[in-house]
Amino acid sequence: MKTTKTKNKYFLLRHGQTIYQKEKIKLLYLESDNDKLTITEEGKEKIKQQAEILKDKNIDLIFCSPYLRTRDTAEIVNEVLQKKIIFDERLIDVKMGEFAGKSTDNYENFFIRDRLGFSERPAGGENWKDILQRIESFITDVEKKYQGKNILVVSHGDTLWLMAGFLKGLKTLDEFFATRKTEKNNLYPHAGDLIII
């Protein structure tokens with residue numbers, strides 16, 4: 001797998017476990033959840049463990065989605081790292097539109113089973129191509145501004161999966177799908193997982 005040439009090294013951390021992951025709630029987040037959904041005690045513990053791993057990685061900067069669950073995660077990590085946290089709207093979770101608050105089956109059927117994730121959008125929402133455009137814009141700006149930095153990005157599952165694929169140089173739908181929750185070449189992070197590119 002050919003990695004995209006970058007001037008910086010990227011560390012991708014998914015937010016800690018929320019009640020949705022802990023209780024295996026099969027509903028998609030509502031937009032209103034983004035300002036109130038915190039991480040669980042178990043989630044905090046896993047993030048503390050990741051912070052210990054990151055302590056030796058000479059992290060220079062932390063970029064973070066502005067949602068509460070990612071802010072909480074970045075703040076826990078930053079108790080160890082003591083770096084500036086920069087919030088960036090381009091790192092937010094996928095906007096689910098009409099699927100928000102409904103069963104995860106809607107998402108799975110539309111994005112995964114029917115493989116529409118790169119071509120169609122749920123009404124009022126985004127597709128993966130939209131997220132990739134956000135990611136490309138973010139990486140381009142970071143690469144213009146910084147060189148030789150170790151950069152931690154705290155974000156969400158789909159956003160980080162697509163960012164990891166982008167940084168790995170993936171181009172086609174099949175290449176991306178081959179790295180989504182598969183045993184081989186898995187780039188999809190579970191809650192609290194760290195991917196080093």
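Readers should treat all values here as calculations from the given coordinates under stated rules, not as data from a laboratory. Everything numeric here is computed off the predicted structure, so don't read it as measured data. Please note: Cβ atoms are built from the backbone with ideal geometry, for glycine as well, and neighbour counts cover all protein chains shown.
Full extension of the chain between K129 and N58 yields a length gain of 22.4 nm, computed as 0.36 nm times the residue separation minus the alpha carbon distance. For the chain, hydrophobic long helices are taken as DSSP H runs at least 24 Å long by C-alpha position along their axis with mean Kyte-Doolittle hydropathy of -1.0 or more; these are 128-145. With helices as the sole contributors, the chain gives -10500 deg cm²/dmol at 222 nm; each DSSP H run of n ≥ 4 counts as -39500 (n - 2.57), and the sum is divided by every residue.
So, in Å, what gap is there between the alpha-carbon centers of region 1-65 and region 89-147? Result: 17 Å between the Cα centres.
V142: net charge of surrounding residues, Cβ under 15 Å, Lys/Arg +1, Asp/Glu -1, itself excluded? Counting the neighbours of V142, the net charge comes to +4. The trypsin sites (Lys or Arg not before Pro) of region 52-142 meeting both criteria, a DSSP state outside H, G, I, E and B (loop) and at most 10 other C-beta atoms within 10 angstrom of the site's C-beta, are K84. Can you pick out the pairs among K22/K48; K24/K95; K5/K149; K55/K149; K9/K84; K83/K129 whose Cα atoms lie more than 23 Å from each other? Going by Cα-Cα distance, K83/K129 fall outside the 23 Å limit.
Distant-in-sequence amide contacts of F63, defined by a placed amide H-H separation under 5 Å and a gap of 5 or more residues or a different chain, comprise I86, L152, V153, V154. Sequence-ordered 3J(HN,Hα) estimates for region 20-32 from the Karplus curve with 6.51, -1.76 and 1.60 and θ = phi - 60° stand at 4, 6, 4, 8, 6, 6, 8, 10, 7, 4, 7, 4, 5 Hz, glycine and proline given as x. Judged by the gyration tensor of its Cα atoms, with axes a ≥ b ≥ c, region 9-196 is oblate; a/c meets the 1.5 cut and b/c is at least as large as a/b. Between E23 and S103, the simple spin-label model (points 7 angstrom out along Cα→Cβ) gives 1.9 nm. Scanning the chain for GluC sites (Glu not before Pro) that sit in a DSSP loop and have at most 15 other Cβ atoms within 10 Å, the longest stretch containing none of them is 24-119. Rounded if a/c is under 1.5, else prolate if a/b beats b/c, else oblate: with a ≥ b ≥ c from the C-alpha gyration tensor eigenvalues square-rooted, which is region 21-124? It is prolate, given that a/c is not under 1.5 and a/b is the larger ratio.
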